[in-house]
Amino acid sequence: MKPLRPFKKNFYLAHVNVINRSSFEVDQYRRAKQITVEGEAPNPIQNFTEANFPDYVMSSIVKQGYDSPTAIQAQSWPIAMSGKNMVGIAQTGSGKTLAYILPGIVHINNQQQVTRGEGPVALVLAPTRELAQQIQQVANEFGSTSFIRNTCIFGGAPKGPQARDLERGVEIVIATPGRLIDFLERGITNLDRCTYLVLDEADRMLDMGFEPQIRKIIEQIRPDRQILMWSATWPKEVKKLSADFLEDYIMINIGSLQLSANHNILQIVDVCQEHEKESK
Ligand code: ADP
Ligand code: MG
């Protein structure tokens, strides 16, 4: 076996405001934003400046005109930038995509460039084509200032163009699990350079039966890679997956764990007449 090339994954330089904040102030912020953490989580940042992102990332945030980081971003950026494994649970619409794309961009910019024939540095797995394409839009908007290339890999579309992108070499691959395995098995790409792995909408991927494919993909990635897993809910299947692959990880949750929807319950609405109710 080839020895693995060392790589850097800790890029976090805590802002002086963040370091100096008292634990009382940190607790107050977490309570106000309904952030709960498990594990040794660094203090959340409270505004974009405190994230200490490089200028090429900050300029794209400024361009979007966002006021402040969302709760999940505030707590996850310091963790993700430190190179640590994490699980982030937060409902849809809470800004999870940027929570992993921005640290991912910094991670990529600190690695050697991907050359032709090499696989991606960052891999984002997502359950559906639509979602993968939405993530790609974000990667396009925020990756352009540092010339990061990406491609989107999903089933139900011709393989030729996707294969050509992979062969040319891209820093980020955003993929649905099935089509990626197809390309991996045919040797069109590989995960030898992958050091930043994102599992987005982990609960939905497991609901859709992608667990064997996800396991097969993770097993091809070097064991010291950083993994970031995101989910709207925290069912036992997702817990099991993180226990199996993330080992030491920090978990953050936004809002109440109990109130999150359970995807394992099938709800059927049947509109009927009053007199039919009892028999149904
Ligand atoms: P999730 O993955 O949690 O469902 P998304 O990453 O899709 O959420 O983000 C939802 C929306 O919030 C997107 O339209 C995105 O542009 C916007 N958004 C992300 N971060 C911020 C922010 N800090 N301030 C305002 N809007 C944001
Ligand atoms: Mg999302």
Completion exercise
Rounded to a whole %, the carbon-and-sulfur portion of the accessible area of the chain at a 1.4 Å probe is 50
Handout entry: Simple label model, 7 Å out from Cα along Cβ direction - Val138 to Lys216, nm
Key = 2.7
Exercise for the section: Can you figure out the FRET efficiency of Asn190 with Ser59, using R₀ = 22 Å and their beta-carbon distance, to the nearest 0.05? Expected result: 0.10
Problem - ³J(HN,Hα), Karplus 6.51/-1.76/1.60, whole Hz, each residue of region 156-172, x for Gly, Pro - result: x, 9, x, 7, x, x, 5, 5, 5, 4, 5, 5, 5, x, 9, 7, 10
Completion exercise
Here region 91-243 gives, from Cα atoms, an Rg and Dmax in Å of 14.2, 40
Problem - Note, ³J(HN,Hα) from phi for region 90-102, Karplus 6.51, -1.76, 1.60, rounded to Hz, x at Gly and Pro - result: 7, 5, 4, x, 8, x, 5, 4, 5, 4, 9, 5, 5
Completion exercise
Percent of all Cα-Cα pairs per 10 Å bin for the chain, counting from 0 up to the last occupied bin, reads 6, 29, 34, 20, 7, 3, 1, 0
Handout entry: Dimensions (Å) - region 3-138, Cα atoms, principal axes, largest first
Key = 51, 35, 31
Exercise for the section: Over the chain, average the accessible area per residue using a 1.4 Å probe and give it in Å², no decimals. Expected result: 51
Exercise for the section: Determine, for each peptide in 75-88, 93-106, the mean count of other beta carbons within 10 angstrom over its residues, then list the peptides with the highest first. Expected result: 75-88, 93-106
Completion exercise
Semi-axes of region 119-208 from the Cα gyration tensor (sqrt of 5 times each eigenvalue, largest first, whole Å) come to 18, 16, 13
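Could you give the dipole magnitude of the chain about its Cα centre, charging the beta-carbon of Lys and Arg +1 and that of Asp and Glu -1, in debye to the nearest 20?
820
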Problem - the chain, helix-only ellipticity at 222 nm - DSSP H runs n ≥ 4, -39,500 (n - 2.57), divided by all residues, nearest 500 - result: -11000 deg cm²/dmol
Practice task
Would you be so kind as to identify which of Gln75, Asn10, Met58 lies farthest towards the positive end of the dipole of region 1-88, taking Lys and Arg as +1 and Asp and Glu as -1 on Cβ and the Cα centre as origin?
Solution key: Asn10
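Taking only C-alpha pairs under 8 Å that are 6+ residues apart, what is the relative contact order of the chain in percent?
Working: 463 pairs, mean separation 68.3, N = 280.
After rounding, I find 24 percent.
Kirkwood hydrodynamic radius (Cα pairs, Å) of region 102-149?
11.7
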Exercise for the section: Pull up all non-local amide H partners of Thr233: gap of 5 or more, or a different chain, and H-to-H distance under 5 Å with H placed in the peptide plane. Expected result: Asp203
Handout entry: Cβ crowding within 10 Å averaged over residues, with 18-31, 159-172 ranked highest first
Key = 159-172, 18-31
Exercise for the section: Calculate how many DSSP beta bridges within the chain are antiparallel, expressed in % of all such bridges and rounded to the nearest 5. Expected result: 15
Handout entry: Thr70 long-range amide H proximity, modeled H, under 5 Å
Key = none
Problem - Over region 161-264, equivalent-ellipsoid semi-axes from the Cα gyration tensor in Å - result: 27, 15, 12
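The values are calculated or read from the model by the stated rules, or taken from the named source; none is laboratory data. It should be emphasised that the depicted structure is a prediction, and the values quoted were computed from it without experimental measurement. No Cβ is skipped: glycine too gets one built from the backbone with ideal geometry, and neighbour counts run over all protein chains shown. Areas reflect the complete protein model, heavy atoms only, side chains present, ligands, DNA and RNA absent. Shrake-Rupley method; radii C 1.70, N 1.55, O 1.52, S 1.80 Å.
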